[in-house]
Amino acid sequence: MLERVYWIAVKVFLWLFFSSIGYVIVLKYIPVWITPLMVSRWMDTIGTDESSKLYKTWRSYDEISKEAALAVVASEDQAFPTHWGFDFDEIQDAIKENQRRKRPRGASTISQQVAKNVFLWNGRSYIRKGLEVYFTALIELIWGKKRILEVYLNVAETGPMTFGVEAASQRFYGHSAESLSRSEAARIAAVLPNPRLFSIRNPSNYILRRTRQITRQMRYLGGQKYIRNL
């Protein structure tokens with residue numbers, strides 16, 4: 001009986017393992033139309049007066065202003081072009097800082113955020129964190145940097161029921177993400193830590209200050225050439 005249970009467990013594990021690899025390979029080539037976070041946000045509106053409409057429009061990397069790509073890298077993960085999915089220096093710094101901070105600071109890279117948003121559920125647990133590490137390694141190996149950044153720019157939450165820079169640009173600026181200016185792109189990046197609290201359309205003084213900081217970082221990194229060879 002124990003041997004039978006063992007082999008069933010092995011078969012289930014292998015099926016999940018190869019299925020996950022296959023799913024990652026498929027998503028390298030097709031748009032990511034829906035994510036667990038989008039479903040969660042939509043379910044949150046059930047039984048409330050909130051609109052259940054999801055604002056999301058997929059755009060290829062070439063159809064998005066490189067100012068937007070540079071802005072999220074400058075704001076979220078400046079080591080993105082060179083790390084292998086994890087920024088260990090940032091992780092060590094966050095651990096040290098969190099020993100004296102009331103609100104812990106995260107150290108997730110763009111790759112980790114994509115792995116979490118596309119493949120996993122909300123919440124904190126060792127199982128979910130372990131799967132995040134696994135999927136981060138997979139997309140770094142199979143997708144590559146350009147695809148990871150393309151997916152991030154399309155699935156990141158950018159406002160209430162709003163996902164991706166194209167939807168944010170159309171909804172809050174009235175034009176396509178292809179023509180985003182540096183300051184517009186920086187403001188989108190500025191709200192990413194908490195897009196349900198911070199507003200692109202009606203930025204607080206903090207968001208305006210953060211936007212200026214990000215534009216300075218974009219210049220410091222050397223502009224668009226910093227991400228040219230992803």
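What follows is calculated from the coordinates using simple rules that are stated; it is not laboratory data. Quantities reported herein were computed from a predicted structural model and do not represent experimental measurements. Glycine gets a Cβ as well: all are built from the backbone with ideal geometry, and neighbour counts include every protein chain shown.
Structure above, values below:
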{"item": "Positive dipole terminus of region 1-76, leading residue within TRP58, GLY47, TYR29 (C-beta point charges)", "result": "TYR29"}
{"item": "Cleavage-rule hits (chymotrypsin sites (Phe, Trp or Tyr not before Pro)) in region 150-230: DSSP loop, at most 12 neighbouring Cβ within 10 angstrom", "result": "none"}
{"item": "Charge tally in the Cβ shell below 9 Å around LEU192, where Lys, Arg are +1 and Asp, Glu are -1, LEU192 excluded", "result": "-2"}
{"item": "Isotropically averaged projected area of region 9-86, using the convex hull of Cα atoms (one quarter of hull area), nm²", "result": "8.8"}
{"item": "GNM result for the chain, Cα springs below 10 Å: residue of GLU50, GLU140, GLU63 fluctuating most strongly", "result": "GLU50"}
{"item": "Top of LEU138, LEU208, LEU197 by mean-square fluctuation, Gaussian network on the chain, Cα under 10 Å", "result": "LEU197"}
{"item": "Violating pairs (Cα-Cα greater than 31 angstrom) within the set LYS11/LYS56; LYS53/LYS116; LYS56/LYS145", "result": "LYS11/LYS56"}
{"item": "Paired Rg and Dmax values of the chain, which use every Cα atom, in angstrom", "result": "18.8, 65"}
{"item": "Structure-based [θ]222 nm, the chain - -39500 (n - 2.57) summed over DSSP H runs of at least 4, per residue, nearest 500", "result": "-17000 deg cm²/dmol"}
